[in-house]
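Structure record follows, encoded as structure tokens.
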Amino acid sequence: MILASVYDIKNLKLKIRPDSEHQYNSPWNIASDFSVDMNFHTDDIAGMLTEYEQDTHTGMDVSLIAASIYEYTSGYPFLVSRICRIMDEILPCETDFPTKPSVWTIQGVLASVKILLLESNTLFDDMIKKLYDFPDLKNMLYAILFRGEKFPYNSDSPVINIGLMFGFMSRFQETVVISNRIFETRLYNLFLSEELLDSRIYKAASLDKNMFIQNGQLNMELVLERFTETFTELYGDVRESFPEENGH
């Protein structure tokens, strides 16, 4: 019998024992390394879309749609399947996507990503629970997103091991990064809601955010101009040094 799970058997005692007694299981257990890559690659996504296309005849550009889905998910199986399900079952009910061919486009992928980021599901619920179970992991993810810190990959670091085990982080060259753009955005939104809702500059930006989108594009020059004006207005008289984290 082979048991394949999210938890590594050596880490089970991290949550079932009291904090004062946290320790790894005996190294003499029977667990073996599970080296199978469970993520989908672009070709895997394209293969599933090809089968779907053979049944539905949407006329989609399979390679383009597969690459777009991979760009946001990095092949995380739940996210890939959820985006495809939203495109198949939910978007056809939206007025912006009246036909199947209109759904299976780049615009359809973007719309499904927006829906996914706003919904509550078992994956995101479990992610939040894990962050509160492992505050050191939460602090590391916060530092990566808001302070731009880079953490070198270290297989001996318990926090990094936990992040990799849960799939929140992955190894990129010699550092650890957030696993995919969906997780990155969801975590970013969570930290914003927790940390910045009382920030004056955040509230001021929320009131004006619609002005920055012009003809469907972000006017970055205007963003920088308004940031300078608002920051000067709110904090120009403060004599303390400017914390870089506030700028983020």
Identify, from the list N189, N154, N180, N161, the residue that is free of Cβ contacts under 8 Å to residues at least 12 places away in the same chain and in contact with a helix residue (DSSP H, G or I) (Cβ under 8 Å, 6 or more places away or on another chain).
N154
When you look at I106, is it free of Cβ contacts under 8 Å to residues at least 60 places away in the same chain and either surrounded by 14 or more Cβ atoms within 10 Å (Cβ to Cβ) or touching a strand residue (DSSP E or B) at 6+ places or on another chain (Cβ under 6 Å) (or both), yes or no?
no
For the stretch 47-60, which residues satisfy the criterion of being exposed (fewer than 15 other Cβ atoms within 10 Å of the Cβ) and in a loop (DSSP other than H, G, I, E, B)?
H57, G59
Could you run through the stretch 160-174 and say how many residues are in a loop (DSSP other than H, G, I, E, B) and among the charged types (D, E, K, R)?
1
Please give the number of the condition S112 fails out of (1) touching a Phe, Trp or Tyr at 6+ places or on another chain (Cβ under 8 Å); (2) open to solvent by less than 20 Å² (accessible area, probe 1.4 Å); (3) over 16 Å from L190 (Cα atoms).
(1)
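Here is a yes/no grid of residues against (1) surrounded by 12 or more Cβ atoms within 10 Å (Cβ to Cβ); (2) modelled with pLDDT of 95 or more; (3) more than 22 Å from T50 (Cβ to Cβ):
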{"site": "S68", "(1), (2), (3)": "yes, yes, no"}
{"site": "Y72", "(1), (2), (3)": "yes, yes, no"}
{"site": "V80", "(1), (2), (3)": "yes, yes, no"}
{"site": "L91", "(1), (2), (3)": "yes, no, no"}
{"site": "D96", "(1), (2), (3)": "no, no, yes"}
{"site": "K100", "(1), (2), (3)": "yes, no, no"}
{"site": "S120", "(1), (2), (3)": "no, no, yes"}
{"site": "D133", "(1), (2), (3)": "yes, no, yes"}
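The values are calculated or read from the model by the stated rules, or taken from the named source; none is laboratory data. Keep in mind the model is a prediction, meaning the values are calculated, not measured. Cβ: placed from backbone, ideal geometry, glycine included. Neighbour counts: every protein chain shown. Heavy atoms of the whole protein, side chains included, go into the accessibility calculation; ligands, DNA and RNA do not. Shrake-Rupley method; radii C 1.70, N 1.55, O 1.52, S 1.80 Å.
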